[in-house]
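For reference, the structure is listed below as C-alpha cells.
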Amino acid sequence: MTADLISRARAGDGDAFRALTEPHRRELQVHCYRMLGSFQDAEDALQDTLLAAWQGLAGFEGRASLRTWLYRIATNRCLNARRSASRRPAREWDVPGVEPPEPTRLGEVVWLEPFPDALFEGATGVPPGPEARYEQNESISLAFVTALQILPPRQLAVLILRDVLGFHANEVAGMLNSTVESVTSALKRARASLQRRRPPAADREPPPAAGSPPEDGIVAKFVSAWESAELDALVALLTDDVFISMPPMPFEYEGRDVVTRFCASLFGAGRRFDLVPTRANGQPAFGAYLRAPTGIRHGTGLYVLTLTGDRICAMTRFDNSVLPWFGLPRSLPSR
C-alpha cells in the first residue's frame, strides 16, 4: 500500500502524498520544536520539510523507512534554520505600571516559546527506539527544551535523534551525512554539556502525574492565591529555589524571596487577574487576564508551572501573543 501511495505521489497525486506524510506530521512538528525552541519556527520548518519531501520524492530510494527519510529532511532544515537565522533580540521590560525587582540574572535563551499539549498528544503514536534515554514527557518539558537550545546545532541534532527518539548511531550518521564515530563523539559532548546545565533529577521529587488529584490540588491552590493576590498563600506553594523566567524578556529570578517581590510588583496598585487553565509542554499552564475598570479582562500572558512533589519549583511567563495557540482569546468579557 505504501509503495502504491509513493508511486501515485511521484506522479503528482497530492492526496497520496498527504496520506504518506500525515501520520508523521505531528511528531515531525515536535521534533522541529525541540530543535528550534520556537513554536512558530517549528511550524515554518515543518512546512519547509513537507515541501522538500514533495519535491524530492523521486529521490527516495527506500533504503531507509519513509519516516527516517522525513526525519533526515526535517533535521537538516532545522540545522539550516539555526545556522542562518539571526536570533530574535531580547525584549525590554514592557509591563506598564509595574516596576520589577532587580533580576537575579539575564537568561541566555530568550526566544523560547511554549508548545500546546493539544498538539503534542498527536505526536506520540510511534514509541521511541530502544536506545532512547528520556521519557516523552521529560523530553518536551520547558526545562529540557531550554537546555537543548544552548547546545551547538550538530550536537543538539545528535542528542535528540539518539537519546530522545532512539535512532541507531548508523541511522543518525546517514541523516547527517556523517560517520558513526563523529556521531558518537558529538553525542558524548552533548550529554556532558546537558548534564552540566540541568540539575540531576534525583535532586528533586518528580512532579505529580498530569491530571491527577495531587496535581489538581496544587493547581487549585495556585489559582486561588494568584487570583486573590494572597502572597502568603502563594509563597507557601514555592520551593526555596523557585525560578521565574519570562521569554522574550531576559529577566530571571531565582529564590523564594526575590520571586515573592516580583509577584508583589505584579499585584501592586490593585492589579488583579483571572486565570484560564490550559496545558503547555506537558505542564499546567494558565492564560492570565488583567481585570480592568470597564469589566473587560485583557490577556497579559501565559504562565507555565513546573512542579516538584507538592510544590512549584519554576514559573515561566510568556507574552500574550502565544494565547491564540492555546485556543485562548486576547480578552474576556466582563463577568
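The values are calculated or read from the model by the stated rules, or taken from the named source; none is laboratory data. Being a predicted model, the structure only gives us computed values, none of them experimental. As a convention, Cβ positions derive from the backbone with ideal geometry for all residues, glycine included, and neighbour counts pool all protein chains shown.
Overview of values
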| read-out | value |
| --- | --- |
| Residue check for residue 269: within 28 Å of residue 296 (Cα to Cα) and modelled with pLDDT under 95 | yes |
| Listing of strands (runs of 3 or more DSSP E) fully contained in the stretch 267-335 that carry 2 or more residues being aromatic (Phe, Trp, Tyr) | 283-291 |
| Sole residue being among the hydrophobic types (A, V, I, L, M, F, W, C), surrounded by fewer than 22 Cβ atoms within 10 Å (Cβ to Cβ) and more than 14 Å from residue 102 (Cα to Cα), chosen from 229, 264 | 229 |
| Considering residues of the stretch 63-84 that are free of Cβ contacts under 8 Å to residues at least 12 places away in the same chain and small (Gly, Ala, Ser) only, the residue farthest from residue 172 (Cα to Cα) | 84 |
| Conditions (1) under 30 Å from residue 150 (Cα atoms); (2) assigned to a helix (DSSP H, G or I); number of the one not met by residue 6 | (1) |
| Subset of the stretch 1-52 that is in contact with a Lys or Arg (Cβ under 6 Å, 6 or more places away or on another chain) and surrounded by fewer than 20 Cβ atoms within 10 Å (Cβ to Cβ) - its residue that is farthest from residue 116 (Cα to Cα) | 16 |
| Filter pass, residue 297 being surrounded by 20 or more Cβ atoms within 10 Å (Cβ to Cβ), farther than 20 Å from residue 110 by Cβ, more than 23 Å from the chain's Cα centre (by Cα) and charged (D, E, K, R) | yes |
| Condition check for residue 255: closer than 29 Å to residue 240 by Cβ, in contact (Cβ under 8 Å) with a residue 24 or more places away in the chain and not hydroxyl-bearing (Ser, Thr, Tyr) | yes |
| Residue in the stretch 180-198 that is under 18 Å from the mean Cα position of the chain (by Cα), over 28 Å from residue 312 (Cβ atoms) and outside the structural domain of residue 245 (by TED's automatic domain parsing) present | no |
| Which numbered condition residue 117 fails, given (1) over 24 Å from residue 324 (Cβ atoms); (2) touching a Gly at 6+ places or on another chain (Cβ under 9 Å); (3) among the charged types (D, E, K, R) | (1) |
| Unmet criterion (only one of (1) farther than 22 Å from residue 50 by Cα; (2) of a type outside the set (Val, Ile, Thr); (3) surrounded by 14 or more Cβ atoms within 10 Å (Cβ to Cβ); (4) without any contact (Cβ under 8 Å) to a residue 60 or more places away in the chain) for residue 152 | (3) |
| Some residue of the stretch 117-135 being over 25 Å from residue 252 (Cα atoms) and at pLDDT 90 or above | yes |
